[in-house]
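Peer 1: Have a look at this one.
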Number of protein chains: 2
Amino acid sequence: MTDNNNHGNCCAGHGGHDDAHQHDDGVSRSRRNFLVQSTGAAGALTAAAAGLPYVTTAQAEGLNGFTEVGARKHHYLPATRDTVHWGYFSKNLPGIVEAESGDFVTIETVTHHAYDDFDRMIKGDPGVEGIFHWDGEGKGVDRRGAGPMDASLFGRGAGEGLGVHILTGPVYIKGAEPGDVLEVRIVDAKPRPSGNPEYAGKTFGSNAAAWWGFHYDDLLEEPKPREVITIYELDARAHRNWAKAVYNYRWTTQTDPFGVDHETIDYPGVPVDHDTIEKRHGVLENARIPVRPHFGAIAVAPREEDMVDSIPPSYFGGNVDNWRMGKGATMYYPVAVDGALLSVGDPHASQGDSELCGTAIECSLTGTFQIIVHKEADLQGTRLEGLEYPLMETQDDWVIHGFSYANYLEELGRDAQSVIYEKSSIDRAMRDAYRKMRHFLMTTQGLNEDEAISLMSIGVDFGITQIVDGNWGVHGILKKNIFAGA
Amino acid sequence: MTDNNNHGNCCAGHGGHDDAHQHDDGVSRSRRNFLVQSTGAAGALTAAAAGLPYVTTAQAEGLNGFTEVGARKHHYLPATRDTVHWGYFSKNLPGIVEAESGDFVTIETVTHHAYDDFDRMIKGDPGVEGIFHWDGEGKGVDRRGAGPMDASLFGRGAGEGLGVHILTGPVYIKGAEPGDVLEVRIVDAKPRPSGNPEYAGKTFGSNAAAWWGFHYDDLLEEPKPREVITIYELDARAHRNWAKAVYNYRWTTQTDPFGVDHETIDYPGVPVDHDTIEKRHGVLENARIPVRPHFGAIAVAPREEDMVDSIPPSYFGGNVDNWRMGKGATMYYPVAVDGALLSVGDPHASQGDSELCGTAIECSLTGTFQIIVHKEADLQGTRLEGLEYPLMETQDDWVIHGFSYANYLEELGRDAQSVIYEKSSIDRAMRDAYRKMRHFLMTTQGLNEDEAISLMSIGVDFGITQIVDGNWGVHGILKKNIFAGA
């Protein structure tokens, strides 16, 4: 069935017309109707029905009030120039679809690195072509980043590239309010096939070893420094669980259709003119990269600022860049604004802990998510009590996410969005991860502080999530089976 | 068979008498004869024969020149007051046994935390009783640490506790010279059963949340700060693969048999008078800690100093504290002095990545190791070429170890052994891990720098080994199957 009424009060304040429109703040959006399917009768939704291999803890704890509501709907959110916001999060964005607790949403996500190889990652795919469209007349999506629309800071372009990720959404979730927790179950994550018939059955991704990478000022070979793009290929049908490199090239100054030179990768979606680069084939020819499809960025809208750079992760999730955020994982976020405003983007085919050179294999994916609201009043005594950070649950583990600053927007004051890049530190992120894991163990497992600290030292593994997103990340992994005997 | 000649030139300079003797530097050692068995005919030793589930890469690359030599011997090195050195590494220590490349050595290792519960971890075990013996007359092992014997720095005791681990050995390996690589295959790692009949079939360990832990200045509950010991029990027969907490207590000032007060855990092996502490039972009563038996410290002797604190890890290995250093893992070390002088200690039943509170479940273990020398002249073009750091190989992974300082003894000058504790940094350790992984990929996999950097970002996981050993650690894990298609 088609639901023509899925843009309720979430869109209040924005006109009902169907065309793209430009706000003063550069937030260009349109409203569309998307297919909504009923997925079954009311009643408790099983883990199997949700596509997860396990019952989430929230579900087991009876937190699924939504199961009383009625039939689940399945929304489909394609990625088009009108359904994405590029480079920022904002509480002022209208919901593109409106979902109820328990609904499923399939969300197409597109990598912002697609223009590194137009033929393989854009051509023949109307949605992606629309997003990346850029000629002398205009852009499919003008604003890219949280910066000024007139590029008065650096002259790079609208939004200044202060934030780079293409984010699909937001999804307005009815009944979600500040203080609630949003559960996002990642039911599926599939590579987006190349739309170019020449590459049928294949999916491609790009890895940029870029100026914001950990390696950039610490190179051995000439020329120094340099930025390098490596294009990877994977099997869109997932018959093969590894990716292989196709070729690489060094970034050369690219002049965008507006005539701005980009000496480095300083603005997302700049068309790379392949006549200006030198492709080297035969790179990493013996390497098979394990494929780990996941979403680098899943976010609810932050409350602190109207426009928030998409790069630094924080309490609201965002660009957490944990490669475990793929099929079968469940994320929990503290809701910060009415409707939660869930956005998904920064899709990756593969990433290692640290994301060392600045990016993963950036690769468009389509995800299916089930979204559940846990009301504040129901949280006490559950594993979600006092949740003030993005929490992951998998079949085997709880994963907490620490950052150099737990809430950099609040902690770093008025200039937080620039200052955060000067404060990057794994040491600080470890400190935050320690505190959050202690909180999780004390609040949700009923341990006292001494018990929590001992357990952390002997049974929790801390790893380096990423060291490239300004607000660096350390995650702590707690095995569920530690408490299996409880 | 018994080999009475296994103390060849390694012991030159030390008399042939059989009693403990005291050197000016406080290095007390005796010479004993240990059982040596022949383990079979000459010929290539298979992985199965070595007890490993895989063929090590060095073996596959034909680096096992030792297989031409003849029958393997199996040495047994018990832990006694005469076979351990406590709290330091030294190139001046005589070999306790002498092994040839290819030989097996079973080494008993004893945790330096055993006196946290005398009844469970010392009583009834003659070897351990001898090591920990301490009364008004003297100590089984006087020197504990690399500091002055007269305790003129802090007054804590001989060696000052500047270094804390009980290390068994060293094993002198014939033919090992600086420039060579020592391969140490961990064939087995077994918990040491309690010697107290009251606890038959059980093994115990201690976790100290101590002043050097990451948490110590960042506590919520009173009193602050505090040190807490938690005693854990595991099944000595390994029928059960998890440990459980027995009780915990807060450290109270302990007066040692020489009359020195220890307000904090500032000297290893101080007898804890259980009449002065308050045991809390029922702690972590629902938690089952996965058992991961491993050796926190496996080291060859460093070349830079005569007496080296056992705590900070470095190029020579030492207190690397990676919980993956257990059964089935193989370590490779650059040999720094003649005979390599391999020592093993700091046994752990379990640890998480970070070893957050300062210790693991510190628990005596007995390990069996096969030791292989790879001569410098044979290394070129192999995976061991240019090895200047401790490298781990497991069935599935290569693991490189980065530290805040790759070689702190050399880099930090004359006061390196104290300065290192002021320079602890995960950020720096990540930098070192990046450089080492790049080296490993470029040297041993034939990648150029751009290939290595891209691969690191998308396929290598960096984790936090430990943040409590002065020279903090970050490890990088490279899956072997990335190159399985080569």
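The values are calculated or read from the model by the stated rules, or taken from the named source; none is laboratory data. Computed from a prediction, not measured in an experiment: that's the story for all the values here. With ideal geometry, Cβ positions are generated from the backbone for all residues, glycine too; neighbour counts draw on all protein chains shown. Ligands, DNA and RNA are stripped out before the accessible areas are found, and what is left, the full protein with its side chains, is counted by its heavy atoms. Shrake-Rupley method; radii C 1.70, N 1.55, O 1.52, S 1.80 Å.
Peer 1: Under a 5 Å amide H to amide H cut-off, with H placed in plane at 1.01 Å, what residues pair with A:Ser425 once short-range neighbours are removed?
Peer 2: A:Ser404, A:Trp472
Peer 1: What distance in nm separates the two pseudo spin-label positions at A:Glu410 and B:Tyr76, each 7 Å out from Cα along the beta-carbon direction?
Peer 2: So the two model labels end up 6.2 nm from each other.
Peer 1: What accessible area per residue, rounded to a whole number of Å², is obtained for region A:399-483 using a probe radius of 1.4 Å?
Peer 2: Counting only protein heavy atoms, the per-residue value for region A:399-483 is 27 Å².
Peer 1: For chain B, what is the largest minus smallest coordinate of the Cα atoms on each principal axis, given in angstrom and ordered from greatest to least?
Peer 2: Largest to smallest, the principal-axis extents are 62, 53, 49 Å.
Peer 1: For region A:436-450, just list the computed ³J(HN,Hα) in residue order, Karplus coefficients 6.51, -1.76 and 1.60, θ = phi - 60°, integers in Hz, with x standing in for Gly and Pro.
Peer 2: Going residue by residue, I get 5, 5, 4, 4, 4, 5, 6, 7, 9, 10, x, 8, 7, 5, 5 Hz, with x marking Gly and Pro.
Peer 1: Ok, one more. Which entries in the list A:Lys190/A:Lys480; B:Lys190/B:Lys479; B:Lys91/B:Lys423; A:Lys123/A:Lys190 go over 22 Å, if you measure between the two C-alpha atoms of each?
Peer 2: A:Lys190/A:Lys480; B:Lys190/B:Lys479; B:Lys91/B:Lys423
Peer 1: Between their Cα atoms, which of A:Lys327/A:Lys375; B:Lys174/B:Lys375; A:Lys73/A:Lys174; B:Lys244/B:Lys279 are more than 22 Å away from each other?
Peer 2: A:Lys327/A:Lys375
Peer 1: Leaving out ligands, DNA and RNA, calculate the buried accessible area for the pair A and B with a 1.4 Å probe, summed over both sides, in Å² to the nearest 100.
Peer 2: Roughly 5600 Å² of accessible surface disappears when A and B pair.
Peer 1: Give me the distance in nm between label points sitting 7 Å out from Cα along the Cα-to-Cβ direction at B:Glu376 and B:Phe258, one decimal.
Peer 2: 4.0
Peer 1: Now a separate question. Given a 1.4 Å probe and every protein chain left where it sits, what share in percent of the accessible area of chain A is carbon and sulfur?
Peer 2: About 46 percent, which is the carbon plus sulfur part of the accessible surface.
Peer 1: Please give the net charge around A:Leu220, taking every other residue with its beta carbon less than 11 angstrom from that of A:Leu220, where Lys and Arg add +1 and Asp and Glu add -1.
Peer 2: Local charge sum for A:Leu220: -2.
Peer 1: May I pose another question? Where does the charge balance sit around B:Phe369 when Lys and Arg score +1, Asp and Glu -1, over other residues with C-beta under 13 Å from its C-beta?
Peer 2: Numbers: positive: B:Arg72, B:Lys73, B:Arg185, B:Lys190, B:Lys327; negative: B:Asp103, B:Glu108, B:Glu183, B:Asp188.
My count for the surroundings of B:Phe369 gives +1.
Peer 1: Report ³J(HN,Hα) in whole Hz for each residue of region A:223-232, in order, from the Karplus equation J = 6.51 cos²θ - 1.76 cosθ + 1.60 where θ = phi - 60°; Gly and Pro get x.
Peer 2: For region A:223-232, the Karplus-derived couplings read x, 10, x, 8, 10, 10, 9, 10, 8, 10 Hz, x marking Gly and Pro.
Peer 1: Counting DSSP beta bridges in the protein assembly as shown, what percent are antiparallel, to the nearest 5? Walk me through the intermediate numbers first.
Peer 2: On the way: 176 of 192 bridges.
Of all bridge pairs located within the protein assembly as shown, approximately 90 percent are antiparallel.
Peer 1: Give the average, rounded to an integer, of partner chain Cβ atoms located within 10 angstrom of each Cβ in A:441-453.
Peer 2: 5
Peer 1: Could you point to the residue in A:Ala236, A:Pro271, A:Trp211 farthest towards the positive end of region A:197-289's charge dipole, with +1 and -1 charges on the Cβ of Lys/Arg and Asp/Glu respectively?
Peer 2: About the Cα centre, the residue reaching furthest to the positive side is A:Ala236.
Peer 1: Classify region A:197-289: rounded, prolate or oblate, from the alpha-carbon gyration tensor (a ≥ b ≥ c, eigenvalue square roots; a/c under 1.5 rounded; otherwise prolate if a/b is larger than b/c)?
Peer 2: Oblate shape, in that a/c is at least 1.5 and b/c is the bigger or equal ratio.
Peer 1: Out of residues 5 or more away from B:Glu227 or on other chains, whose amide H comes under 5 Å of its own, with H placed 1.01 Å from N in the peptide plane?
Peer 2: Residues meeting the criterion, in which the H sits 1.01 Å from N, are B:Trp251.
Peer 1: Shifting gears a bit: Which loop-located trypsin sites (Lys or Arg not before Pro) does region A:347-442 contain, where loop means any DSSP state but H, G, I, E or B and the Cβ has at most 10 other Cβ atoms within 10 Å?
Peer 2: Loop-located and lightly packed - A:Arg414.
Peer 1: From the phi angles alone, apply the Karplus equation (6.51, -1.76, 1.60; θ = phi - 60°) to region A:376-384 and give each ³J(HN,Hα) in whole Hz, x where the residue is Gly or Pro.
Peer 2: After applying 6.51 cos²θ - 1.76 cosθ + 1.60, I find 3, 5, 9, 7, 4, x, 10, 6, 9 Hz.
Peer 1: Run the numbers on region B:466-486: which residues show a drop of 40 Å² or more in accessible area, chain on its own versus all protein chains together, using a 1.4 Å probe over heavy atoms?
Peer 2: Flagged in region B:466-486: B:Ile482, B:Gly485.
Peer 1: If you don't mind, another one. Starting from the amide H of A:Val460, placed 1.01 Å from N in the peptide plane, find each other amide H under 5 Å away whose residue is 5 or more places distant or on another chain.
Peer 2: Sorted by chain and number, the residues that satisfy this are B:Gly352.
Peer 1: If you don't mind, another one. Grab the DSSP H runs of the protein assembly as shown that are 4 residues or longer, score each as -39,500 (n - 2.57), total them, divide by all residues and round the 222 nm result to the nearest 500 deg cm²/dmol.
Peer 2: Numbers: 15 runs with 110 residues, N = 972.
Result for the protein assembly as shown: -3000 deg cm²/dmol, rounded to the nearest 500.
Peer 1: Additional query: What does region A:399-483 give for Rg and for Dmax, in Å, if only its C-alpha atoms count?
Peer 2: 13.9, 43
Peer 1: Residues of region A:274-296 that become at least 40 Å² less accessible with every protein chain present than in their own chain isolated, using 1.4 Å: which are they?
Peer 2: At a threshold of 40 Å² (probe 1.4 Å), the residues of region A:274-296 that become less exposed are A:Leu284, A:Asn286, A:Arg288, A:Ile289, A:Pro290, A:Arg292.
Peer 1: How about region B:195-237: which GluC sites (Glu not before Pro) there are in a DSSP loop, with at most 12 other Cβ atoms within 10 Å of their Cβ?
Peer 2: Passing sites in region B:195-237 are B:Glu221.
Peer 1: Follow-up question, since we're still on this one. Is the shape of region A:403-442 best called rounded, prolate or oblate, per the rule: a/c under 1.5 gives rounded, else a/b larger than b/c gives prolate, else oblate, with a ≥ b ≥ c the square roots of the Cα gyration tensor eigenvalues?
Peer 2: oblate
Peer 1: Send over the semi-axes of the protein assembly as shown's equivalent ellipsoid, whole angstrom and largest first, taken as the square roots of 5 times the C-alpha gyration tensor eigenvalues.
Peer 2: Over the Cα atoms of the protein assembly as shown, the semi-axes work out to 53, 32, 24 Å.
Peer 1: For region A:303-395, what is Rg from Cα atoms divided by 2.2 N^0.38 Å, rounded to two decimals? Don't jump to the answer; show the numbers that get you there.
Peer 2: On the way: Rg = 14.4 Å, N = 93, 2.2 N^0.38 = 12.3 Å.
Working it through for region A:303-395, the quotient is 1.17.
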